[in-house]
Structures are given as C-alpha cells and as structure tokens.
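The values are calculated or read from the model by the stated rules, or taken from the named source; none is laboratory data. Model, not experiment: these values are computed from the prediction. Please note: Cβ atoms are built from the backbone with ideal geometry, for glycine as well, and neighbour counts cover all protein chains shown. Ligands, DNA and RNA are excluded from the accessible area calculation, which covers all protein heavy atoms including side chains. Shrake-Rupley method; radii C 1.70, N 1.55, O 1.52, S 1.80 Å.
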Amino acid sequence: DDAEQCTGRIASLVEAVRSIARQERAEVADIDVHEQLRSTLGVLAHKLRNTRVAQNFSAESGHVRGYPSELAQVWVNLLDNAADAVNGAGKISIQTQRDDNQTVVEIVDNGPGISPENFSHIFEPFFTTKGLGKGTGLGLATVYGTVKQSGGHIEVESNLDEGTSFRIYLPRVTQAAELAAAPAEVGAA
C-alpha cells in the first residue's frame, strides 16, 4: 500500500512538472468560467462538504479566452488551497465580475492567511507550506503560468488570521464575438 501511494504521488508530481514545462498547448478557446467553477465545486464536493461556499456570478462576466483544460486546473488549484486553508470548517467566497474588457474571478477564504515571510514565495515552483506528502509546491506556480499565458494577471491579498483573496483577471470575450457565437434567431426577416 505504501509503495502504491508513493508511486501515485510521484506520477502526479511528474505530471505537474510536465504541465509547467509543456511546449505544446491546446488552442485558445472561448471558455464559460461559471461552468468551470461549478464543475470544480462538484469535483471538490467531498473536500468542501463542511465548508460554507458562497457564489456570486455576474451574468456579464462569464466568457473568457484561454486554454480550457489548463484554466480548469487553475480553479481546482485555487479552490483546493482555499479548502485546505479553512480546514473544512470555514467559508469560501467565489465571485465574478466584469472590469472593462476583463473578467475578474475572486476566490476568498477566511483561513489563517499567508505569513509575510512566505508571501513573496507563493508562486515559486516547489515552494509549499504544506507538510511532507501533502503538497508539491506546483499548484500556484501552475496557476501563475496559466493566467499569464492566457493574457491575464493575478492579485493576491492576505492578512494573518483574516484569510486570503486571489483575484484572477482574464481577457473577456468581446460582445461582438459573443453575438457571433450565439445561435441565430429563426424566422427573423
């Protein structure tokens, strides 16, 4: 059993490193952020079962341009970290809003926050504050890389004993592109 667990852990670590180093990328596509966030909450439901999760999604901020599978991993990493921070008993808030030509996704937890000495290292590969065998230190490095490659940026605020907020800014699909992608009305003349 121990050997199987170690092998599984090594395989996931290798896959995470490959993800960061990958030269070939899937094509950029229009992504429904709200659908991805809801799907991520479903995937993490077992871990969030005792956590209060508040959702506030803005209807005008749902579609962005990016790499679909990699952006989905961004939400998994951020929400998994938030779940770890609140230790299954706190509150996580997920909010989306439009900011000019960007969609902003904010994930806030009321966990213990990030210490000042660790704050400047959070996006460094292999940096983790989790115990041995609990974190690879690649989650936030992957988040940072994916958001940058999608043409976005990240803002982080954290206060000890008050929690942490990650704001992800991504290029919003323009209204013209949204209208072109919408099905045409039948019978209009």
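Filter region 65-107 down to residues that are assigned to a strand (DSSP E or B) and in contact with a Gly (Cβ under 8 Å, 6 or more places away or on another chain), then give me how many there are. Write out each step before concluding.
Quick first cut of region 65-107, residues assigned to a strand (DSSP E or B) only: 65-66, 91-99, 102-107.
This time we only want the ones that are in contact with a Gly (Cβ under 8 Å, 6 or more places away or on another chain), so: 65-66, 96, 102-103.
Total meeting the criteria: 5.
Looking at the structure I just gave you, is residue 44 buried (at least 20 other Cβ atoms within 10 Å of the Cβ), under 14 Å from the mean Cα position of the chain (by Cα) and modelled with pLDDT under 95? Reasoning before the result, please.
Working: buried (at least 20 other Cβ atoms within 10 Å of the Cβ): no; under 14 Å from the mean Cα position of the chain (by Cα): yes; modelled with pLDDT under 95: yes.
No; evaluated as a whole, the condition is false for this residue.
Please find, within region 57-80, the residue that is nearest to residue 98 (Cα to Cα) out of those that are at pLDDT below 85 and open to solvent by less than 10 Å² (accessible area, probe 1.4 Å).
My answer is 61.
Pairs under 6 Å by beta carbon, first residue farther than 9 Å from residue 123 by Cα in region 137-150, partner at pLDDT 85 or above, six or more apart or different chains?
Qualifying pairs under 6 Å: 146/70; 146/74; 147/154; 147/168; 150/170.
Given the conditions (1) at pLDDT below 80; (2) open to solvent by less than 80 Å² (accessible area, probe 1.4 Å); (3) over 15 Å from the mean Cα position of the chain (by Cα), and given that residue 134 satisfies all but one, which numbered condition is not satisfied?
Looking at each condition in turn, residue 134 falls short on (2).
Which pairs do you get when a residue that is under 16 Å from residue 60 (Cβ atoms), found in region 74-103, comes within reach of a residue that is assigned to a helix (DSSP H, G or I) and open to solvent by 10 Å² or more (accessible area, probe 1.4 Å), reach meaning Cβ atoms under 6 angstrom, with the pair 6+ apart or on two chains?
98/60
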